[in-house]
Each structure stands twice: as structure tokens, then as C-alpha cells.
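Worksheet for the structure shown next.
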Amino acid sequence: MDEFKDTKAPFVQFSLRFMVIALLLFAAFWGVAVTVYVKLSMHEQLKQALIDRKKVECLVLLYLENHPGEWPRSWDDLWNNHPKYHPGQFTPSAITDMIAFDKNLEKHVFVDFNLTLEEVANQTPSNFTAIQTANPNWRDQQPEFIDEFLRYVRASQKKSHEPPGPEPQ
């Protein structure tokens, strides 16, 4: 009987070691797979957040185009200025065609409607708070786009201070 136990013990030890190693490899594989999935998912969420912010920036620029010198006071100001909201009222452009009439933007992007156009024009990419993604971890992304947006804001501010041109006859 002792001989039978001696031959069985190494096989059991090998089997246990094999199972532990297989389990560890399986856990490591799934750990890596979940990490990659989460990273890709976060990247897609970040990308969508930046796209949503860019859409809102475009809505604000449309508003500024039609209301020089004024910063919008509410989402209604932005949506009431949207060409899809009032079809035929505005001339379509590349910007307006790009923006879908999507009220979900209000959930994903924060616009500080309490600011004035002058306050926004005085901001820089490092202290820009006028339009932000809802997730604070994704703010301060792509300062070159914020800088471009601020150039348009400053141009609108300057345009509002220019004397009106002659009336067309």
C-alpha cells in the first residue's frame, strides 16, 4: 500500500502545481484584458467628451455670430439660435451642418452662462472655465482648441465695439 501512495503523491503535487499555474495565468490574462478594455473605453469616453465640448463651442460661436458682444444666458439661447431648431432661418454652413440637434449635450458639457463676453475673452487656455466637459478629469484637454475658440470670442467682442456700417439701400 505504501508503494501506491508514493507513486500517487508526485502526480497529485504536479496536478496541483499545474492547476495553480493555470489559474494564475488565466487570472493574469483576464486582468490584462479588463485593463485594456477599461483603457479603450475611457479613451472613447474622453474622445466623445471632447467632441461634445467642440459641438457646444460651435453652438456658442453661432450664437456670437448672430449676437455680437453677447455671451449666451442659457441653453435656450443656444438652441433657439440653432438652424435645426428653426429650419430655413439661417444659412447652412459647415459648422451648422456638423452639429446635430442634440439636447443631451446639456448633460455632458457645462457652460457658464453667468459670465459676460468680456470675462470669457479675458480667459486663457490655462484658466478657461466658460465651456467644460462634465467630467472634471477631462478638462484642460487640447489647449490649442481653447485658444482658437478664444480668438473667435475676442473677434466677436471687437466686432460689437465697431460702429455700424451704412444701411444698405
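The values are calculated or read from the model by the stated rules, or taken from the named source; none is laboratory data. All figures in this text were calculated on a predicted structure; none of them were measured in a lab.
Here are some notes:
- Looking only at residues of the range 82-132 that are at pLDDT 90 or above and assigned to a helix (DSSP H, G or I), we find that the one that is nearest to Leu62 (Cα to Cα) is Leu117.
- With respect to (1) within 26 Å of the chain's Cα centre (by Cα); (2) at pLDDT below 80; (3) in a helix (DSSP H, G or I), the lone exception for Pro10 is condition (1).
- Among residues of the range 61-81, those that are at pLDDT 85 or above and in a helix (DSSP H, G or I), counted: 10
- Count - residues of the range 133-161 that are modelled with pLDDT of 85 or more and of a type in the set (Phe, Trp, Tyr): 2
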